[in-house]
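Student: Pasting in a structure now, in structure tokens, and then I'll have a few things to ask.
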Amino acid sequence: MTTDLLAGITVLDFGTVGPAARASAILADYGAQVTKVGAVPRSGTVAITPPAFAYSGGRGTRRVQLDLKSDRGRAAAQALAAASDVVIESFRPGVADRLGIGWDELSGRNPGLVYCSTSGYGQDGPASQRAGHDLNYLAVGGFLDCSGRREDGGPALPGATVADIAAGGMQAAMAIMASLIGRGTSGEGRYLDVSIADGVVAMMSLYVDEYLVTGAEPGPGHNVLTGRYAWYGIYRCADGGWISVGAIEPKFYANLLRELGLDAERFGSGQYDDEVQADLRAALTDAFATRSRGDWAGQLGDADCCVAAVMTIPEMTDDPHVEARGLVGRAVHPAATQSEDGELRQLDRIWAGTVRRSAPESLPDASVTDTTELLAAAGWSTADIEAAIAEGAAA
């Protein structure tokens, strides 16, 4: 088996959900050993516990529970961080410092530490203390305003947590891996201020840079990618299914007109003619309404038209191409099974460069911690570990 690219890298993750959890899941898929730090159970409190299937089911991770407000719990976290390559946290700005697990404290104990803070709006600035979720970051970053519209004219809800996944989690994972490469040369750690809202702005760079240079204000229908032209859009088929069309290049556009039987003399030279688009959109609507989604997707996909079916999640996971690419794998979880053999399906290690396992992934039981083993590896004595557990500072 090819060696995992992050084999030997240890990550201490104080995040429970959101971008921090997504980042550590990505790092785990590349072979890093991730330790998730959760709060100790307390009477009357409800901990945020993601479903067993979330964040790749926690594959490649271990768990420890600490009371970061207690002296022993704080000391335990500091010991684990001293033995780690990477720390990820998602507290509101300033909280990690007050808990004694901020960058200044931990990097002083571990100069080579890569420390990643993930937050909605960054560690400074007027909005830094504001709470938010995925939709809010897409809103302030310009993403929603450039998206498609509902019938009442308002922006449509996105179909995925784009900000959490790409602007936050993937940004954090990329920055961490770049910092680890840099550390290999300099020997120095790095502090990373990952703002999800900043990441959304970066994702909108094509439109932002256009506005900054030309003064043109982007939005729905402004250009190719936001619906200005009929040959870049989504159409209903005879069976009620939907088809996506992205025939940007002239050769793909010509192929589309030919396969749909549309008048090349009328529409061929008007690909970018705004006055032609309403008629072309009507012609495309009528053409697609004559046959099923599957018929059109098969014919036009094979004819180089840049056309693909809009699939549901169940359809996608059973699609022959997805199967051939091995994107859906098998896993075993002690408390969540979907078949008689005790296995369940989950997305495999998809990211380029990750190493897939020949046997089903073994997922951890969220009710079990590795606290004793982890603290012992960090240099704590059996007596200190037992004392921390006895007083409720660890579990």
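The values are calculated or read from the model by the stated rules, or taken from the named source; none is laboratory data. The shown structure was predicted, so the numbers you read here are calculated from the model rather than taken from an experiment. Every residue, glycine among them, receives a Cβ derived from its backbone with ideal geometry; neighbour counts consider all protein chains shown. Heads up: the accessible areas ignore ligands, DNA and RNA and are worked out on the full protein's heavy atoms, side chains in. Shrake-Rupley method; radii C 1.70, N 1.55, O 1.52, S 1.80 Å.
Student: If Tyr121 passes every condition in (1) closer than 16 Å to Thr16 by Cβ; (2) in contact (Cβ under 8 Å) with a residue 60 or more places away in the chain; (3) under 20 Å from the mean Cα position of the chain (by Cα) but one, which one does it miss?
Tutor: So the condition that Tyr121 fails would be (1).
Student: Looking at (1) under 18 Å from Asp13 (Cα atoms); (2) within 22 Å of the chain's Cα centre (by Cα); (3) buried (at least 18 other Cβ atoms within 10 Å of the Cβ), which is the only condition Asp134 fails?
Tutor: (1)
Student: Answer yes or no: is there a residue in region 317-339 that is in contact with a Phe, Trp or Tyr (Cβ under 8 Å, 6 or more places away or on another chain), among the polar types (S, T, N, Q) and either at pLDDT 95 or above or more than 20 Å from Gln33 (Cβ to Cβ) (or both). Working first, answer last.
Tutor: Here is the first cut: in region 317-339, the residues in contact with a Phe, Trp or Tyr (Cβ under 8 Å, 6 or more places away or on another chain) are 336.
With the extra rule that they be among the polar types (S, T, N, Q), the set shrinks to none.
No - not one qualifying residue is present in region 317-339.
Student: Are any residues in region 28-51 over 24 Å from Asp85 (Cβ atoms) and either modelled with pLDDT of 80 or more or open to solvent by 80 Å² or more (accessible area, probe 1.4 Å) (or both), and if so, which ones?
Tutor: Result: Val40, Pro41, Arg42, Ser43, Gly44, Thr45, Val46, Ile48, Thr49.
Student: Filter region 80-100 down to residues that are under 23 Å from Ile165 (Cβ atoms) and open to solvent by 30 Å² or more (accessible area, probe 1.4 Å), then give me how many there are.
Tutor: Total meeting the criteria: 3.
Student: Follow-up question, since we're still on this one. Given the structure, is Thr371 open to solvent by 80 Å² or more (accessible area, probe 1.4 Å), out of contact with any His (no Cβ under 6 Å at 6 or more places or on another chain) and closer than 28 Å to Asp13 by Cβ?
Tutor: On the way: open to solvent by 80 Å² or more (accessible area, probe 1.4 Å): no; out of contact with any His (no Cβ under 6 Å at 6 or more places or on another chain): yes; closer than 28 Å to Asp13 by Cβ: yes.
Spelling it out, it is not the case that Thr371 is open to solvent by 80 Å² or more (accessible area, probe 1.4 Å), out of contact with any His (no Cβ under 6 Å at 6 or more places or on another chain) and closer than 28 Å to Asp13 by Cβ.
Student: Say we look at region 156-207 and pick out the residues that are within 29 Å of Ala83 (Cα to Cα) and charged (D, E, K, R); which of these is least open to solvent (accessible area, probe 1.4 Å)?
Tutor: Step one: of region 156-207, the residues within 29 Å of Ala83 (Cα to Cα) are 164-196.
Keeping just the survivors that are charged (D, E, K, R) gives 164, 183, 188, 190, 193.
Values: Asp164: 26, Arg183: 50, Glu188: 121, Arg190: 135, Asp193: 64 Å².
Looking at residues that are within 29 Å of Ala83 (Cα to Cα) and charged (D, E, K, R), I get Asp164.
Student: Here's another thing I want to ask about it. Might you let me know whether region 234-245 holds any residue that is in a strand (DSSP E or B), surrounded by fewer than 20 Cβ atoms within 10 Å (Cβ to Cβ) and among the basic types (Lys, Arg)?
Tutor: Of region 234-245, the ones in a strand (DSSP E or B) are 234-236, 242-245.
In the following step, the residues that additionally are surrounded by fewer than 20 Cβ atoms within 10 Å (Cβ to Cβ) were identified as 234, 236, 242, 244.
From the residues that got through so far, the ones that are among the basic types (Lys, Arg) too are 236.
Yes, region 234-245 contains at least one residue that is in a strand (DSSP E or B), surrounded by fewer than 20 Cβ atoms within 10 Å (Cβ to Cβ) and among the basic types (Lys, Arg).
Student: May I ask you to verify whether Leu363 is modelled with pLDDT of 95 or more and surrounded by 13 or more Cβ atoms within 10 Å (Cβ to Cβ)?
Tutor: Values: modelled with pLDDT of 95 or more: no; surrounded by 13 or more Cβ atoms within 10 Å (Cβ to Cβ): yes.
So Leu363 does not fit the description; no.
Student: Also: Which of the residues belonging to region 77-120 are part of a helix (DSSP H, G or I) and touching a Ser or Thr at 6+ places or on another chain (Cβ under 8 Å)?
Tutor: First pass over region 77-120, keeping only residues part of a helix (DSSP H, G or I): 77-82, 95-99, 103-109.
Correct list: Leu80, Ala96, Trp103.
Student: Ok, one more. Does Ala166 count as assigned to a helix (DSSP H, G or I) and at pLDDT 95 or above?
Tutor: Details: assigned to a helix (DSSP H, G or I): yes; at pLDDT 95 or above: yes.
Taking the combined requirement at face value, the residue satisfies it.
Student: I need the full set of residues from region 22-37 which are over 9 Å from the mean Cα position of the chain (by Cα) and of a type in the set (A, V, I, L, M), in order please. Step through it out loud before you land on a result.
Tutor: Pass one, region 22-37, residues over 9 Å from the mean Cα position of the chain (by Cα): 24-25, 27-37.
Matches in region 22-37: Ala25, Leu27, Ala28, Ala32, Val34, Val37.
Student: Now for a separate question. Quickly run through region 221-233 and pick out the residues that are open to solvent by 60 Å² or more (accessible area, probe 1.4 Å) and touching a residue at least 24 places away in the same chain (Cβ under 8 Å). Before the answer, list the steps.
Tutor: Keep residues of region 221-233 that are open to solvent by 60 Å² or more (accessible area, probe 1.4 Å), which gives 225, 228, 232.
Residue satisfying the conditions is Arg228 alone.
Student: Go through Ala77, Ala54, Ala23 for me and flag whichever is among the small types (Gly, Ala, Ser), closer than 30 Å to Arg345 by Cβ and buried (at least 18 other Cβ atoms within 10 Å of the Cβ). Outline the logic, then answer.
Tutor: Working: Ala77 fails: closer than 30 Å to Arg345 by Cβ; Ala54 fails: buried (at least 18 other Cβ atoms within 10 Å of the Cβ).
Being among the small types (Gly, Ala, Ser), closer than 30 Å to Arg345 by Cβ and buried (at least 18 other Cβ atoms within 10 Å of the Cβ) holds for just one of Ala77, Ala54, Ala23, which is Ala23.
Student: Determine if region 121-129 includes at least one residue that is out of contact with any Ser or Thr (no Cβ under 7 Å at 6 or more places or on another chain) and of a type in the set (Phe, Trp, Tyr).
Tutor: For region 121-129, residues out of contact with any Ser or Thr (no Cβ under 7 Å at 6 or more places or on another chain) and of a type in the set (Phe, Trp, Tyr): absent.
Student: Another question, if that's okay. Conditions first: (1) farther than 19 Å from Ser24 by Cβ; (2) more than 21 Å from the chain's Cα centre (by Cα); (3) among the small types (Gly, Ala, Ser). Ala378 passes all but one, so which condition is the exception?
Tutor: (1)
Student: Another question, if that's okay. Test Arg356 against the criterion of being closer than 25 Å to Asp4 by Cβ, in contact (Cβ under 8 Å) with a residue 24 or more places away in the chain and open to solvent by 30 Å² or more (accessible area, probe 1.4 Å), and give yes or no. Walk me through it before giving the result.
Tutor: Details: closer than 25 Å to Asp4 by Cβ: yes; in contact (Cβ under 8 Å) with a residue 24 or more places away in the chain: yes; open to solvent by 30 Å² or more (accessible area, probe 1.4 Å): yes.
Yes: the conditions hold for Arg356.
A quick yes/no check of all residues on (1) assigned to a helix (DSSP H, G or I); (2) closer than 26 Å to Gly100 by Cα:
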| site | (1), (2) |
| --- | --- |
| Ser128 | no, yes |
| Gly159 | no, no |
| Gln171 | yes, yes |
| Thr185 | yes, no |
